[in-house]
Amino acid sequence: MKMTLETLIGAIHQWGRERGIHQNGRLDSQAEKLVEEANETFEAAKKLALSVAGWDELMDGIGDTFVVLVQLCAIAGIELEEAIDRAYLEIRDRKGFLNEDGVFVKETDQ
C-alpha cells in the first residue's frame with residue numbers, strides 16, 4: 001500500500017533526523033546534492049526520450065530529488081508545503097503555452 005504524501009514527508013523527516021541531516025546539514029552541501037540528483041533525473045529523462053533506458057532510473061531520480069528537497073527545507077527551517085504554495089502563487093496567473101519543442105513560451109502583455 002502506498003503512503004500518502006504527508007506520511008512520506010514525515011518519514012523522510014524522521015530518516016533525516018536519525019542520520020543527523022537536520023541537525024548537522026548545511027544549506028550549500030544539501031543544495032549541491034539537489035543539483036546532483038536533478039542531473040541524474042535529467043540524464044534519465046534524456047535516455048527515455050531516446051528510448052534507451054527504463055522508467056526506473058527516472059523514478060529513482062525524481063524520488064531522490066524530492067527526498068533532498070525535504071531535507072533542504074528542514075535545514076533551512078522552511079516548510080516544504082509553504083515553498084510549494086509560494087511557487088504556485090507566483091505562477092498561477094502566468095499565461096503561455098508549451099510549444100512542440102517542449103519550450104514554454106510566456107504570453108506577454110502588449
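In table form, for the structure just shown:
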item: Under the Karplus curve 6.51 cos²θ - 1.76 cosθ + 1.60, θ = phi - 60°, whole-Hz ³J(HN,Hα) for the range 88-97, x wherever Gly or Pro sits; result: 5, 4, 6, 9, 4, 9, 5, 10, x, 7
item: Long-range Cα-Cα pairs in the chain (distance over 20 Å), rounded percent; result: 57
item: Cα centre as origin, Lys/Arg/Asp/Glu Cβ charges: the chain dipole, Debye; result: 140
item: Cα→Cβ-extended label distance, 7 Å offset, between Arg94 and Trp15, nm; result: 2.9
item: Within the chain, longest stretch clear of exposed GluC sites (Glu not before Pro) (DSSP loop, no more than 10 other Cβ within 10 Å); result: 1-99
item: Degrees, to the nearest 10: 5-18 long Cα axis against longest axis of the chain; result: 50
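Any read-out appearing in this document is the output of simple, stated calculations on the displayed coordinates, not a laboratory observation. Worth saying up front: this structure is predicted, and the values here are computed from it rather than measured. FYI the Cβ positions are ideal-geometry reconstructions off the backbone, even for glycines, and counts take in every protein chain you see.
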